[in-house]
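Have a look at the structure below before the remarks.
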Amino acid sequence: MQEFFYMDGKWMYIWGSYAITLAALVLSILFANRRKRKLIREIEDSLEE
Amino acid sequence: MWQWFHKLSTPKYYYQWSGKWLPWLAGLTIILFAIGLYWGLLVAPTDYQQGESYRIIYIHVPAAWMSMFVYVVMACAGFVALVWKTKLSEIVVSECAVIGAVFTAIALITGMLWGKPTWGTYWTWDARLTSELILLFLYFGVIAIYSSIEDKRVAAKAASMLAIVGVVNIPIIHFSVNWWNSLHQPNMDIISDKPSMDPSMLWPLLVMAVAFKVYFGWVLFMRIRNEIISRERATKWVKELVVGR
């Protein structure tokens, strides 16, 4: 198990790459979700006026 | 067929149609990533030349492929936007630019992190690396046009033209490793009888490539739907949609 995380001493490059990629892909989805909620709230507010 | 396309290009119909696909795209993305990551990181053997750091290609190569694929999608949408001026194609151009920029940035950053332990340097002004960097700037250009021109329809026209002209960069990226002396690895051969990678390493790469494609569909649909609601907020169907939730 330790060997797997150590990656032959290249762990910084490998896990760094995977972390950055995963973060970018997940954040893109979360941003899109947040924008949708915000848009719907805005439209709801405009309807109440 | 054409009638269906025509119908699909109306924002309201597209919104309803794409909504049915979202959960499938989301589920498939997660399953494919789980399989691809497990396969690529734990099952695939260690490379005898590059050691463990070759495992970065499982995200680098799919991201690089996507950076070019998304650009072609964006340019095609730009062509449709200029010729038929449908609203949906204009939205596709603007949303592809953002997603494509993310894929290009991932390709560049993971490439640098792979280059350091393999080539001994993060960056070199090599034809492949430079043309991929130009691709990032082309995406930034399209994004900048959209954010600086107030009238979205005028912006779409200018952005579409830039997207179409920039397509010349795509074959340059692809053939750069053949045309110029390059430090970068040659293009992969995955079609012939003797592929350049062993199947035990190639299969997880193909799974990851499909995972990235499906992910692109998922995030593109989400972003297009948001943009539709934003632009059509004054219409009756959007108001009904919000009330009826």
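Some notes on this structure:
- Annotation: amide H-H contacts under 5 Å for residue A:10 (H modelled 1.01 Å from N, sequence separation of 5 or more, or interchain): none.
- Per-residue ³J(HN,Hα) for the range B:20-35, Karplus 6.51 cos²θ - 1.76 cosθ + 1.60, θ = phi - 60°, Hz, x for Gly and Pro: 5, 7, 3, x, 5, 5, 5, x, 5, 4, 5, 5, 5, 5, 4, 5
- 0 to 90° range, to nearest 10: angle between helix A:11-48 axis and chain A longest Cα axis: 10 degrees
- Using only side-chain charges placed at the Cβ, +1 for Lys and Arg and -1 for Asp and Glu, the dipole size of the protein assembly as shown relative to its Cα centre rounds to 1100 debye.
- Between residue B:47 and B:54, the built amide H atoms are under 5 Å apart, and every one of these is 5 or more places off in sequence or on another chain.
- Rounded percent of accessible protein surface that carbon and sulfur make up, the range A:2-48, 1.4 Å probe: 60 percent
- Global geometry of the range A:2-48, whether rounded, prolate or oblate, following the gyration tensor of its Cα atoms and the 1.5 cut on a/c: prolate
- A 1.4 Å probe run over the protein chains yields, for chain B, 50 Å² of accessible area per residue, whole-number rounding.
- Accessible area of the range B:67-151 belonging to carbon and sulfur atoms, whole % at 1.4 Å probe: 73 percent
- Summed over the residues of chain A and divided among them, the accessible surface reaches 72 Å² per residue at a probe radius of 1.4 Å.
- Remark on the range B:48-74: accessible area falls by at least 50 square angstrom from chain-alone to full-complex state for B:52, B:59, probe 1.4 angstrom.
- For the range A:7-21, accessible area lost to neighbouring protein chains reaches 10 Å² or more, against the chain alone with a 1.4 Å probe, at A:7, A:8, A:10, A:13, A:14, A:15, A:17, A:18, A:20, A:21.
- Entry note, chain B: the mean residue ellipticity at 222 nm calculated from DSSP H runs of n ≥ 4, each adding -39500 (n - 2.57), is -26000 deg cm²/dmol after division by the residues and rounding to the nearest 500.
- Helix B:87-119 and the longest principal axis of the C-alpha atoms of chain B enclose an angle of approximately 20°.
- Burial of 20 Å² or greater, the range A:25-49 residues [accessible area, probe 1.4 Å, versus chain by itself]: A:25, A:28, A:29, A:32, A:35, A:36, A:39, A:40, A:42, A:43, A:44, A:47
- Helix axis angle, B:127-148 relative to chain B longest principal axis, alpha carbon, degrees: 20 degrees
- With R₀ fixed at 22 Å, the C-beta to C-beta distance from residue B:1 to residue B:22 puts the FRET efficiency at about 0.40.
- Cα gyration tensor, the range B:73-218 - rounded (a/c under 1.5), prolate or oblate: prolate
- Think of the protein assembly as shown as a dipole: +1 on every Lys or Arg Cβ, -1 on every Asp or Glu Cβ, centred on the Cα centre; then among B:3, A:6, B:78, B:3 lies furthest on the positive end.
- Buried accessible surface for the B/A chain pair comes to about 3000 Å², total over both chains, computed with a 1.4 Å probe.
- Tensor-based shape of the protein assembly as shown (alpha-carbon gyration tensor, a/c under 1.5 rounded, otherwise prolate or oblate): prolate
The values are calculated or read from the model by the stated rules, or taken from the named source; none is laboratory data. Just so you know, these numbers come straight off a predicted model, no measurement behind them. No Cβ is skipped: glycine too gets one built from the backbone with ideal geometry, and neighbour counts run over all protein chains shown. For the accessible areas, the whole protein counts, side chains as well, though only heavy atoms, and no ligand, DNA or RNA atoms are used. Shrake-Rupley method; radii C 1.70, N 1.55, O 1.52, S 1.80 Å.
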